[in-house]
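In what follows, a structure is listed as structure tokens, so that the remarks can point back to it.
The values are calculated or read from the model by the stated rules, or taken from the named source; none is laboratory data. Every value quoted in this text rests on a predicted model; they were computed, and no experiment measured them. Cβ coordinates were reconstructed from backbone atoms using ideal geometry, including for glycine residues, and neighbour counts include every protein chain displayed.
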Amino acid sequence: MFNTKRTKSQKKQEYDTWIERPAAIFLFDETEGVIQEAKHLNIPVIALVSATSKTLDVDYPIPANNYLTSSHIYFLEKLLTLHNKFL
């Protein structure tokens, strides 16, 4: 069985071996652990948030119905369009 618990220094060493950190991350829901990890690494967080969202740590919240698959598809299509246009 794998040991999934790592010390802070082990995690930092893993992060330091990354070639390049992402400029930002995009979330379809407010996963608190992912948001906290991104904050720790100074990576901006863009997320779809519902009106009842309690997560205030998202840098760029996008109000949307983040429970519907059609919302996810809509925003993913927009992101891919922007990616293809500018990169």
Condition first: loosely packed, with under 12 Cβ neighbours inside 10 Å and either in contact (Cβ under 8 Å) with a residue 12 or more places away in the chain or part of a loop (DSSP other than H, G, I, E, B) (or both). Now tell me which residues in the range 25-34 satisfy that. GLU32
Residues in the range 35-76 that are farther than 25 Å from GLU20 by Cα, outside any loop (DSSP other than H, G, I, E, B) and of a type outside the set (A, V, I, L, M, F, W, C) total 6
For the range 51-70, enumerate the residues that are at pLDDT below 85 and surrounded by 15 or more Cβ atoms within 10 Å (Cβ to Cβ). SER53, THR55, ASN66
I'd like to know if the range 44-52 contains one or more residues that are in contact with a Lys or Arg (Cβ under 9 Å, 6 or more places away or on another chain) and of a type in the set (Val, Ile, Thr). yes
